[in-house]
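The values are calculated or read from the model by the stated rules, or taken from the named source; none is laboratory data. Computed from a prediction, not measured in an experiment: that's the story for all the values here. Cβ coordinates were reconstructed from backbone atoms using ideal geometry, including for glycine residues, and neighbour counts include every protein chain displayed. Keep in mind that these areas ignore ligands, DNA and RNA; they rest on the heavy atoms of the full protein, side chains included. Shrake-Rupley method; radii C 1.70, N 1.55, O 1.52, S 1.80 Å.
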Amino acid sequence: DVPPRTRPPCLLSGRGRPSFASALCGAWGWAGPRLGKMSDEAEEEVPLEEAGEEVEEGEPAGGEEVDAEADADAEGDAEGGAADEGDADEGEAPAEGVEGEEGEAPADAAEALIEDAPEVPAEPLAGGADEVSRRPSKQSLGMSRQVSKLSLGSRRPSKITFAEVKSEEDDKWKMDPEFFYDIDSPELALALEEGEMPKEASTPARFLGFDFQRHYNLVWVSTEEVAYITGHVICFLNVVTNERRYLHGRDSGGIGGIALSADSEYFAVAERSTSQPPNVYIYSFKNMKLYRILRKGTERGYASVKFSPHNKNQIAVLGCAPDYMLSVWDWKNERLLLKCKAYGQEVFDIRWGQFPGMLTSVGSGHIRFWKMALTFTGLKLQGDIGKFGATELSDIVGAVELPDGKLVTGSEYGRLLLWEGVFVKVELMRGSAEDPRKVTGTPHDKAIEVLFLDTEEGCACMVSGGDDGYLRWWPIEDTDEAEADYDLGIVEYGITMRKEVRLPPMGEEHDHFAPAHIHHVARSSDNNTWLIQDNRNGIVWKYDKNSGACTTIMQSHSGPVTGSLMLPLHSGLMVSSGLDGTLRTYNVSAEQDHEVFMDRRPDVGITCLVAVPAAVDPNQRTISAGYTDGTLRVIVVCKDGFVLAQALKPHTCPIRQIAYTLDGKLMATLGADNTIFFFKTHGLEEHAVPIGFVHIPCQINHFSWHDDVGRVLLGLEDGTMIELMRPVIDDIDNSESYHIHLDYRSIVPELPEPEESDEEEEEGEGGGEEGTEGENGAEGEAAAGE
């Protein structure tokens, strides 16, 4: 009688059930009583003497050869033992790898679990029974297993290692490292919609502007080059030579996020789509060849993408509306590892923590802490929502992890929040210089959206940037002692400010700029050059940390662009308008982007822009712009800037459209309140003379002049149209009021009947009379409407 394979008692959980470690050992082919380190480099067999069993003379030890019969017996024992050992109360651990919720778990996570396990001395189970009874799993409840009995002469440890199981599992997903996609392949081409022109029909020459509304829209890709997103294109800007190169997006909805791997070998582009699930395209950065495509990670678009700093094969991607999915990929093999809903509201960013398997997502009114955890059923992505407690709820944009694992985030109300675990531990405030614990105010006057770590005069600090235009340095050591007084209900704690920098700097050179809204800071690899995204002025500032110099490297509209036009008689001169209240001119004939001059109106935005007809201005350098406050401004473009010719305020709401007649004698403006104001136009002096306005009790989507008869055609929201008679100036009396009345007629377009297919015609046979009545009725209704 030979005692069966024993296992250390410490691997048994309550009531003799196999623990999780024991289940893993059985699934991965562990055949000895000692739980030790198992790796590709050390696959040594454990001699039976070390297992506490006696080996009689003439019997083979663990490392000796056995005959064919003994080999067969040993293989049968290994199969029976593995099946027996893999049985656990909470489920079985699959032998080929641990599966996660949506994908299979990375094998190195389980391997780390084995490597960190301590050695356990071998002790036989009490009683020395020939058979070991184990509680069956849920899948095999009610069934019994007979443990194979093995003679001592044929027993030897199994040589199945975790590395072999890992290799077998990876082979299913492994892709050729030398494989690249052919970007001209028809499989990668998007299906064109009806009437859509292919991309090859036009050749883009230049892309102007910068998306200042996008968070984190600056990524350093080399010591001199930075990447940013503008529309459907990624621009690579050399900050030294000011040269640009472009990478076009492949999906139909623009670019959602970009990232560069830690070794600068690969560049990830997470896109958005309007017609199908978007993809994440990963390029070889040296030659921009398409290397990998990650598919079906979200429904409509991505908000953020980050390469893992701990595992070069992993990448985290965060989706945006409507599903807000967070996914972790083995990107080199295009393999989805984990997938989970990040939150139910807008999410801004996903970032990896300083410890492996830890992530943090931030967004509208929330922060969430994620952990990749190995459970009985496989690798899971577990997320805990941050608890604000007594602290006011806030959107979270900026966050930084401290060396001790705590997290500091910004807030909408200018306070720094120190998180410990999932709770706000304390609110960090500005302390006085004499007594730092005495609170004198908030760290910033407005929202804090930027946080990162830096060193100032040998002191480790965290840097905060806010909507008030300041960068401020705060010592990390002050946060170690930060504690709230919950007994008195005080959650504020004062810390010392070591340094501050205002953007733009004070001085005559920057007097015409407002304090910056610091939206993002991108630092070069040597930490000497900082690029600062200013959302208020529409500027990317270049800050030299050593000298403190601050210069402009890019200017653009900080909000949506609402209009653009070319001046025909001035080659290459383009004028654009935006909701940031600026008019900008560009010389697009120059080799590099060149902004000539700008006009800014504070606290208002430009909603529409139109050129004055040549019949009024033969030089064709006069424009009319409508503003959000209802003001109409007529502006002349001169050699050294804009000159205001006339300003009127015909509306009390935003102006949505401006239109001239072809002969230039009349002009009309459309307000958001559905009023149309008519003007008589002259030369540049007293350009527009008010005639009067009419109010339409329906939403007007668009209007245009009928140049042949001079009438105005209005397109309404309900699908109808109205034709207004042209105002006759001699018949209008506006001495008391500009509210006038014009004759009109309503038009209901007669829509064509849809063509019926052959199947519908066959189905409709036998019911022809009813069909005829329906058609006659439709025609009569259309005629009545007309």
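Just one of the listed residues (471, 453) is in a strand (DSSP E or B) and touching an Asp or Glu at 6+ places or on another chain (Cβ under 8 Å), and it is 471.
Restricting attention to region 506-523 and to residues that are over 30 Å from residue 264 (Cβ atoms) and outside any loop (DSSP other than H, G, I, E, B), the residue that is most open to solvent (accessible area, probe 1.4 Å) turns out to be 508.
When 437, 368 are screened for being open to solvent by 30 Å² or more (accessible area, probe 1.4 Å), in contact with a strand residue (DSSP E or B) (Cβ under 7 Å, 6 or more places away or on another chain), modelled with pLDDT of 95 or more and of a type outside the set (Asp, Glu), only 368 passes.
Across region 211-233, the qualifying residues are those that are within 24 Å of residue 572 (Cα to Cα) and touching a Leu at 6+ places or on another chain (Cβ under 9 Å), and the one among them that is surrounded by the most Cβ atoms within 10 Å (Cβ to Cβ) is 230.
Taking the numbered list (1) polar (S, T, N, Q); (2) over 28 Å from residue 459 (Cα atoms); (3) modelled with pLDDT of 95 or more in turn, residue 382 passes all entries but (3).
Can you tell me which residue is nearest to residue 382 (Cα to Cα) among those in region 418-450 that are among the acidic types (Asp, Glu) and part of a strand (DSSP E or B)? Break it down stepwise before answering.
So the first thing to find is which residues in region 418-450 are among the acidic types (Asp, Glu), and the list is 420, 427, 434-435, 445, 449.
Okay, now just the ones that are also part of a strand (DSSP E or B), so 420, 427, 449.
Details: 420: 17, 427: 27, 449: 26 Å.
Among them, the one singled out is 420.
Among the residues making up region 642-665, those that are in a strand (DSSP E or B), over 14 Å from residue 567 (Cα atoms) and open to solvent by 10 Å² or more (accessible area, probe 1.4 Å) are 643, 644, 645, 646, 647, 648, 656, 657, 658, 659, 660. Given (1) at negative phi; (2) modelled with pLDDT under 85; (3) part of a loop (DSSP other than H, G, I, E, B), where does residue 207 come up short, assuming only one miss? So the condition that residue 207 fails would be (2). Every listed requirement among (1) in a loop (DSSP other than H, G, I, E, B); (2) over 19 Å from residue 351 (Cα atoms) is met by residue 293 save one, (1).
Tell me, which residue of region 612-641 that is free of Cβ contacts under 8 Å to residues at least 60 places away in the same chain, surrounded by 19 or more Cβ atoms within 10 Å (Cβ to Cβ) and hydrophobic (A, V, I, L, M, F, W, C) is nearest to residue 563 (Cα to Cα)? Looking at the filtered set, the residue picked out is 623. Set side by side, the residues 347, 328, 317 differ, and just one is within 16 Å of residue 277 (Cα to Cα) and touching a residue at least 40 places away in the same chain (Cβ under 8 Å), which is 317.
Given the condition open to solvent by 50 Å² or more (accessible area, probe 1.4 Å) and either of a type in the set (A, V, I, L, M, F, W, C) or in a strand (DSSP E or B) (or both), answer yes or no: does some residue in region 666-677 qualify? First the steps, then the outcome.
Just the residues of region 666-677 that are open to solvent by 50 Å² or more (accessible area, probe 1.4 Å), to begin with: 673.
From the residues that got through so far, the ones that are either of a type in the set (A, V, I, L, M, F, W, C) or in a strand (DSSP E or B) (or both) too are none.
Checked region 666-677: no residue is open to solvent by 50 Å² or more (accessible area, probe 1.4 Å) and either of a type in the set (A, V, I, L, M, F, W, C) or in a strand (DSSP E or B) (or both).
What is the residue count in region 546-578 for residues that are open to solvent by 30 Å² or more (accessible area, probe 1.4 Å) and closer than 24 Å to residue 511 by Cβ?
Filtering region 546-578 for residues open to solvent by 30 Å² or more (accessible area, probe 1.4 Å) gives 546-549, 551-553, 555, 560-562, 564, 566, 568-571, 573-574.
Next, from what is left, pick out any that are closer than 24 Å to residue 511 by Cβ: 547-549, 551-553, 555.
Residues flagged as open to solvent by 30 Å² or more (accessible area, probe 1.4 Å) and closer than 24 Å to residue 511 by Cβ within region 546-578 amount to 7.
Whether a residue is open to solvent by 30 Å² or more (accessible area, probe 1.4 Å) and not in a strand (DSSP E or B) was assessed, and residue 593 passes this test. Looking only at residues of region 598-611 that are surrounded by fewer than 18 Cβ atoms within 10 Å (Cβ to Cβ) and of a type in the set (D, E, K, R), we find that the one that is farthest from residue 573 (Cα to Cα) is 603.
Within region 295-351, the only residue that satisfies the criterion of being within 24 Å of residue 218 (Cβ to Cβ), open to solvent by 50 Å² or more (accessible area, probe 1.4 Å) and among the acidic types (Asp, Glu) is 346.
Going by what's in this entry, would residue 595 be described as under 30 Å from residue 658 (Cα atoms) and not polar (S, T, N, Q)? Can you show your working first?
Numbers: under 30 Å from residue 658 (Cα atoms): yes; not polar (S, T, N, Q): yes.
Here the answer is yes, as residue 595 does meet what is asked.
For region 320-337, check the following and say yes or no: at least one residue is part of a strand (DSSP E or B) and in contact with a helix residue (DSSP H, G or I) (Cβ under 9 Å, 6 or more places away or on another chain). Scanning region 320-337 turns up at least one residue that is part of a strand (DSSP E or B) and in contact with a helix residue (DSSP H, G or I) (Cβ under 9 Å, 6 or more places away or on another chain). The set of residues in region 259-276 being open to solvent by 20 Å² or more (accessible area, probe 1.4 Å) and either in contact with a Ser or Thr (Cβ under 9 Å, 6 or more places away or on another chain) or not in a loop (DSSP other than H, G, I, E, B) (or both) consists of 260, 262, 264, 265, 266, 272, 274, 275, 276. One residue is enough: does region 524-545 have a residue meeting the conditions outside any loop (DSSP other than H, G, I, E, B), touching a residue at least 40 places away in the same chain (Cβ under 8 Å) and over 23 Å from residue 213 (Cβ atoms)? Yes, because at least one residue in region 524-545 is outside any loop (DSSP other than H, G, I, E, B), touching a residue at least 40 places away in the same chain (Cβ under 8 Å) and over 23 Å from residue 213 (Cβ atoms).
If I filter region 601-624 down to residues being assigned to a loop (DSSP other than H, G, I, E, B) and hydrophobic (A, V, I, L, M, F, W, C), which single residue comes out as nearest to residue 653 (Cα to Cα)? I'd like the intermediate steps shown before the answer.
Step one: list which residues in region 601-624 are assigned to a loop (DSSP other than H, G, I, E, B), which gives 601-605, 612-621.
Of the ones still in play, those that are also hydrophobic (A, V, I, L, M, F, W, C) are 604, 612, 614-616.
Numbers: 604: 12, 612: 23, 614: 29, 615: 29, 616: 27 Å.
Ranking the qualifying residues of region 601-624, first place goes to 604.
Scanning region 579-590 for residues that are in a loop (DSSP other than H, G, I, E, B), surrounded by 15 or more Cβ atoms within 10 Å (Cβ to Cβ) and not hydrophobic (A, V, I, L, M, F, W, C) turns up 580, 581. The numbered conditions (1) part of a loop (DSSP other than H, G, I, E, B); (2) without any contact (Cβ under 8 Å) to a residue 60 or more places away in the chain; (3) in contact with a strand residue (DSSP E or B) (Cβ under 6 Å, 6 or more places away or on another chain) are all true for residue 196 except (3).
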